[in-house]
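Written below as structure tokens is the structure these notes are about.
The values are calculated or read from the model by the stated rules, or taken from the named source; none is laboratory data. All values derive from a computational prediction rather than experimental measurement. Here the Cβ positions follow ideal geometry from the backbone for every residue, glycine too, while neighbour counts run over all protein chains shown. Keep in mind that these areas ignore ligands, DNA and RNA; they rest on the heavy atoms of the full protein, side chains included. Shrake-Rupley method; radii C 1.70, N 1.55, O 1.52, S 1.80 Å.
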Amino acid sequence: MAEDLSILKGTKTAQYESLVPQIKGLLEGETNLVANLANIAAALKEQFNWWWVGFYWIQEDELVLGPFQGPVACTRIKKGRGVCGKSWEIEKTLIVEDVAQFPGHIACSSFSKSEIVVPVFKNGQIVGVLDVDSEHLAHFDETDRAFLEKIVGLIP
Ligand code: SME
């Protein structure tokens, strides 16, 4: 396992292309879920310095806060509520350019302006979501969707 992350500057695609194999390396041989989610959140934060990046994991009828990097956040989200709960409900990635315009958005931080939420599947079943918040409007696009879906697909 690599001990230090090598941080690349350049286009978003180039940054993801450098990061994905390093995340693969971090996950290699480790089966503990918390350890793996924690390292993915840390690696993404280190590379992109987003406002907030982390996981919510499904526990019965709620999403419960998991490993993350950034300011403290709300701990429980009901299915269908906010961007995370909606992504869980429809089992699809959601890109929100302006969270103020998203009905039911849960404002954990007033600094958060745009958001992407990517569902995580295990054996075809949704098990949680990766949530990324930015302090800039319209910060996430199809490149983020493609690479973040790929990254959560690496979770063993
Ligand atoms: N804004 C999210 C809640 C989680 S925090 O942003 C960390 C939502 O609407 O689901």
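The table for this structure:
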{"quantity": "Spatially proximal aspartates and glutamates relative to Lys9 (Cα-Cα < 13 Å; intrachain offsets below 8 disregarded)", "calculated": "Glu17, Glu46"}
{"quantity": "Rounded accessible area per residue of segment 12-152, 1.4 Å, Å²", "calculated": "48"}
{"quantity": "The chain shape via C-alpha gyration tensor axes, a/c threshold 1.5", "calculated": "oblate"}
{"quantity": "For peptides 128-136, 34-42, sequence by mean Cβ density within 10 Å, most packed first", "calculated": "128-136, 34-42"}
{"quantity": "The chain - mean residue ellipticity at 222 nm from DSSP helices (-39,500 (n - 2.57) per run, n ≥ 4, rounded to 500)", "calculated": "-10500 deg cm²/dmol"}
{"quantity": "Relative packing of 80-91, 97-108, which averages over residues the other C-beta atoms within 10 Å, highest first", "calculated": "80-91, 97-108"}
{"quantity": "Positive-end residue, the chain charge dipole about Cα centroid, Cβ charges, pick of His139, Gly10, Gln22", "calculated": "His139"}
{"quantity": "Highest to lowest packing among 10-16, 111-117, scored as the average C-beta count within 10 Å", "calculated": "111-117, 10-16"}
{"quantity": "Cα-centre dipole for segment 41-156 with unit charges at Cβ (Lys and Arg positive, Asp and Glu negative), debye to 20", "calculated": "260"}
{"quantity": "Reachable aspartates and glutamates, given that their alpha-carbon falls under 14 Å from the alpha-carbon of Lys86 and they are not under 8 places away in the same chain", "calculated": "Asp61, Glu62, Glu115, Asp131"}
{"quantity": "Computed lengthening from Gln59 to Ala146, 0.36 nm per intervening residue step minus Cα-Cα distance", "calculated": "28.7 nm"}
{"quantity": "Low-density loop positions, GluC sites (Glu not before Pro), segment 1-77 - DSSP coil, at most 14 other Cβ in 10 Å", "calculated": "Glu3, Glu28, Glu30, Glu60"}
{"quantity": "Which listed pairs, of Lys92/Lys113; Lys24/Lys79; Lys12/Lys122, have C-alpha distances above 25 Å, in listed order", "calculated": "Lys24/Lys79; Lys12/Lys122"}
